[in-house]
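Shown next, in structure tokens, is the structure this report addresses.
The values are calculated or read from the model by the stated rules, or taken from the named source; none is laboratory data. For clarity, every value in this text was computed on a predicted model and none was experimentally measured. Please note: Cβ atoms are built from the backbone with ideal geometry, for glycine as well, and neighbour counts cover all protein chains shown.
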């Protein structure tokens, strides 16, 4: 088994249902009729032996790392920047979003090799958003930091484009 | 400088420091290890992601 970097397919349909709100809140009709609600986005780490990919529909503890100071479910992602959309032509454009800060797991010991982070929406029943892979790592009484790519049309963490 | 280790905080002067990096199309990663004799007592990793999943969308023609 192996993990595969991908957009979670279920996320695409859920977007059209308005089930995810990344960044600053604007929707007032889901949790409250009077004020917008912001979704909490989280990041969980997975073992290199796990199977997390486009077919993943929600956070799962199966295959997740375990270790000192790591809490099941991972950490909360700083979600303070609203998605942006830009036209690239009269018929095409890109919508994109990147967390506004690095994702950090502080003073953890993760002895079994891991290579994947799953971004998911903990407010909306832990619905999966995207899967990101990197070289296999372990951490010993140290900090694991994931620095986000630049929030641009070509490098943002999540990009949805028409061509 | 004090370093968190599996034996608690230790002064880095007592430890051997090793560093490494990986740079490819997907990521730029650096790691720092501290060793006490032949035992790994600390390892921190910093991954900077370069690429991300990309999804293309399409509006169907009507008529």
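Tabulated data
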| quantity | calculated |
| --- | --- |
| Some residue of the range B:16-24 being within 30 Å of residue A:163 (Cβ to Cβ) and facing chain A (nearest Cβ under 10 Å) | yes |
| Test for residue A:53: is it surrounded by fewer than 20 Cβ atoms within 10 Å (Cβ to Cβ) and more than 21 Å from residue A:156 (Cα to Cα) | no |
| Residue tally, condition loosely packed, with under 14 Cβ neighbours inside 10 Å and modelled with pLDDT of 80 or more, over the range A:1-39 | 3 |
| Search result, residues across the range B:25-46 that are under 20 Å from residue A:104 (Cβ atoms) and at the interface with chain A (Cβ under 7 Å from one of its Cβ atoms) | B:26, B:27, B:29, B:42, B:43, B:44, B:45, B:46 |
| Conditions (1) more than 20 Å from the chain's Cα centre (by Cα); (2) at pLDDT 95 or above; number of the one not met by residue B:31 | (1) |
